[in-house]
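The values are calculated or read from the model by the stated rules, or taken from the named source; none is laboratory data. Nothing here was measured: the structure is a model prediction, and the numbers come from that model. Positions of Cβ are generated from backbone atoms using ideal geometry, with glycine treated the same way; all protein chains shown enter the neighbour counts. Remember, those area values only see protein heavy atoms, side chains included, never the ligands or the DNA or RNA. Shrake-Rupley method; radii C 1.70, N 1.55, O 1.52, S 1.80 Å.
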Amino acid sequence: MKYKRLILFVGNVLLIFFAAGFSKMLILDHCIGKVLTDTNAFLSLVLVTNDGAAFNLFSGFNAVLIGFAAVIILLCMCYVLFYKLFISEKFLLFMAMFCAGIFGNAYERYMYDCVTDYIKVNVLNFPVFNLYDILITLGALSIVLWLVKDKTMEIQEIKNVEEDDLYRDL
């Protein structure tokens, strides 16, 4: 059961990683040699390289960032394998999105010594980002919301059991 869950998790990570990488390849092939910046549009495609983490933090520390990514992915795998008896497939998908984004950025860091960002939001003065960043953000937000919901349900179940016990004593 546990190993089936791990295989499903790793399979989803790889599937999402390759799908995002293929999408990125198509976008970058379309961008090369073209200016696709329209300040009136909501989004623009702008090629930027980043040798740091988010907002170019830790610039020049590729080995540390790759190591940190590996630790995060291993911790996620351990959580999937050992933490709970039952993990829903939706939660596994959220974890896979998160890890695929981390893996994608770490892969680019390892292969090219930088991450290629290309999506620019024109409405806000926001840094340029890529599909892997979107996967990390959506995956992390989904995981946090799922855990909060799960904990809230757990607390509610405890309260219900305590109330049942209280009424039995009367």
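Worth a mention:
- Spherically averaged projected area in nm², based on the convex hull that wraps the Cα atoms of the chain: 13.6 nm²
- Computed over protein heavy atoms with a 1.4 angstrom probe, the accessible surface ordering of Glu89, Glu154, Glu108, largest first, is Glu89, Glu154, Glu108.
- The heavy atoms of Thr49 offer some 100 square angstrom of accessible surface to a 1.4 angstrom probe.
- Folded to 0 to 90 degrees: helix 2-31 orientation relative to the chain principal axis, Cα: 20 degrees
- Segment 56-170 - charge dipole about Cα centre, Lys and Arg +1 at Cβ, Asp and Glu -1, debye rounded to 20: 440 debye
- Normalised by residue count, segment 117-161 yields a Cα convex hull volume of 70 Å³ per residue.
- Contact order relative to length of the chain, as percent, for alpha carbon pairs under 8 angstrom and 6 or more apart: 28 percent
- Kirkwood Rh (inverse of mean 1/r, distinct Cα pairs), segment 55-141, angstrom: 14.1 Å
- For Ala41, distant residues with modelled amide H under 5 Å away: none
- Helical mean residue ellipticity (222 nm; -39500 (n - 2.57) per DSSP H run of 4+; nearest 500) of the chain: -23000 deg cm²/dmol
- Among 97-103, 72-78, the order from most to least packed when residues are scored by Cβ within 10 Å on average: 97-103, 72-78
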